[in-house]
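The values are calculated or read from the model by the stated rules, or taken from the named source; none is laboratory data. Bear in mind that the values here come from a model prediction, so they are computed numbers and not experimental data. Please note: Cβ atoms are built from the backbone with ideal geometry, for glycine as well, and neighbour counts cover all protein chains shown. Note: areas computed on protein heavy atoms with side chains; ligands, DNA, RNA excluded. Shrake-Rupley method; radii C 1.70, N 1.55, O 1.52, S 1.80 Å.
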Amino acid sequence: MSSSTQVRIAVGPVRTFLAVVLALAVGIGGVLGYQALASPSSAGGSLLGTLTGGGPGVGVADGVVPDGTTVFDDHVPAVANLDPELLAALRSAAADAGDDAVAFTVNSGWRSPAYQDQLLREAVGEYGSEEEAARWVATADTSAHVSGDGVDVGPMRAMDWLAQHGAGYGLCQIYGNEPWHYELRPEAVDGGCPPMYRDPTEDPRMQD
Ligand SMILES: [Zn+2]
């Protein structure tokens, strides 16, 4: 028996073994590949939720606002579902603010009742009582966000610009404790904005 024969005999079983290992590896790789494909989408979903302030069950369709949204983003429901006159006033103001190199960001706009309910539950958890939470978050029945009549604007420079010029567009800060929350008061164009409530609990609309 030559050495080459011995090698050939040895190679047969080894090749079979390698083929089995390869087949297993391909099979396992297929499974891992499937998981790798599946997990980024689910991780991406929860990451998006974290970034945009949405919790389980609510998303962009409920009014969760993607980072960097502006008053011109028609495809974002939080913007598109605002009262058309409020939106027109915001766009007019934002265009003029742009001339002063001030950009408006929408941090919150229209919200679905489900989203508002979730925010209220979170606020009760955060502030410890429904009474304290009511100073900051309305119910779905009373919220100006759910009706499309309220918008939360940022950043600070935009709030400052609106505090100075907003009345000329009918855009008014409503609550002393919420310098970011604006609503349309058309009479403000001529007469200036009405006095602010200290916080939402003083707003007659919040008594239901
Ligand atoms: Zn608000």
Counted residues in segment 157-204 being of a type in the set (S, T, N, Q), within 13 Å of the ligand (Cβ to nearest atom) and in contact (Cβ under 8 Å) with a residue 40 or more places away in the chain come to 1
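The rows are residues; the columns are (1) in a loop (DSSP other than H, G, I, E, B); (2) assigned by TED's automatic domain parsing to the domain that holds Val106; (3) touching a Leu at 6+ places or on another chain (Cβ under 6 Å).
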| position | (1), (2), (3) |
| --- | --- |
| Asp141 | yes, yes, no |
| Ala144 | yes, yes, no |
| Trp161 | no, yes, no |
| Tyr182 | no, yes, yes |
| Val189 | no, yes, no |
Any idea how many residues of segment 155-173 are over 16 Å from Ala89 (Cα atoms) and touching a strand residue (DSSP E or B) at 6+ places or on another chain (Cβ under 9 Å)? 1
Confirm whether Val146 is modelled with pLDDT of 95 or more, open to solvent by 20 Å² or more (accessible area, probe 1.4 Å) and more than 16 Å from the ligand (Cβ to nearest atom). no
Would you check if Arg135 is assigned to a loop (DSSP other than H, G, I, E, B) and either basic (Lys, Arg) or free of Cβ contacts under 8 Å to residues at least 24 places away in the same chain (or both)? yes
Which residues, counting only those in segment 115-137, are closer than 22 Å to Pro77 by Cα, in contact with a helix residue (DSSP H, G or I) (Cβ under 6 Å, 6 or more places away or on another chain) and open to solvent by 20 Å² or more (accessible area, probe 1.4 Å)? Val137
